[in-house]
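What follows is a single structure, written as structure tokens, with notes after it.
Please treat every number below as a calculation from the coordinates, not as lab data. All values derive from a computational prediction rather than experimental measurement. Don't worry about glycine lacking a Cβ; one is built from the backbone with ideal geometry, like all the others, and counts go over all protein chains shown.
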Amino acid sequence: MTDGLTSKDGALTQTWQLKAVRALAHLLALCAVSLVLFITLAPAQAQTIQVASVTPMPVPADLLAVRQQPAIGPTVVPLAPGEQALTPALLSNYVARQQQLRSVNVDSIGPQAPLNTDVLLGYIARGPFGTNSAISAIADVASAKVTAEPALNSSALADYIQHGYQPLEQRLAHANAERDCLAQAIYHEARGESAAGQLAVANVIVNRARSAKFPSTLCGVIYQNADKGFHRCQFTFACDGRTDAPAERRAWARSAELAQTVYAEFATGEAVGAIPRSALYYHTTNVRPNWANTYNAVAQIGSHIFYAPN
């Protein structure tokens, strides 16, 4: 009996101890969870950090000088006329000026005063001849001397407008055609010659246009009688029935460049200077035409001999 009670009491004691251990484990776990929540949710205490005062180093003098320079460089160059920046004020002023100019009703001005000496002199005084299209269109006006009774008067101007005036577009077209005719003549007549020989051939054409014996234009001189058939024209290439399209690109470029220079001299009245102004004829050295005996030979350049009338 005694041994049975003792075993029973021991079992009860062991059971109580196990329960105590489990309760303590739960308590410890609960404390751990509480500690974690406390650390996580508890507000952190602010700490004051003392920052040491820092004094910047002085900027070197050469670096300071560079920083003070303008962005466009060490020297400010004044803007030239027309290079100013397009500011709103400048644009507004331009628009206002254009509106003012366009507000003038030319139809309401009424009949104009007759064209007299005072009006013409007023035109001339308004600006240089190069930009005054109304005056630059009048032949030789730039060289005319202003006197008490100038030759430039209302009758002369009206006659010029009636018989000789050409709009700018027509004058440009005429100049381009003249240069092309001269280039064709230089190319077909003397493309194998030296620069001096080509210039001499062009000089004969200019001399003819300036004389009273031939047409007054370069194209007129070059293609004179070309419509009358072979052996009737002045230059063979103009009436030989072959195409005038240049086949040698470099030779044509040289001819066109020379034609541009010679035409400028012809249009301004300058002397070409390759041969005398009296020279109006030439032929190659491999022929001897009958008319050569009636003229004076004035020069021989390359394979061409140049003649002037007696």
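Things to note:
- Ranked packing of 241-248, 253-260, 216-223, most packed first, by mean Cβ within 10 Å: 216-223, 253-260, 241-248
- Between Gln99 and Ala297, the distance separating the two model label sites (each 7 Å from Cα on the Cα→Cβ line) works out to 7.9 nm.
- Note on the stretch 249-310: dipole from Cβ charges, positive end direction compared against Phe266, Thr284, Ala308; the farthest Cα belongs to Thr284.
- One decimal place: the segment Ile161-Ala267 gains 36.2 nm when fully extended, by the rule 0.36 nm per residue minus the C-alpha distance.
- For Arg242 and Ser92, a Förster radius of 45 Å and the Cβ-Cβ distance give a FRET efficiency of 0.10, rounded to the nearest 0.05.
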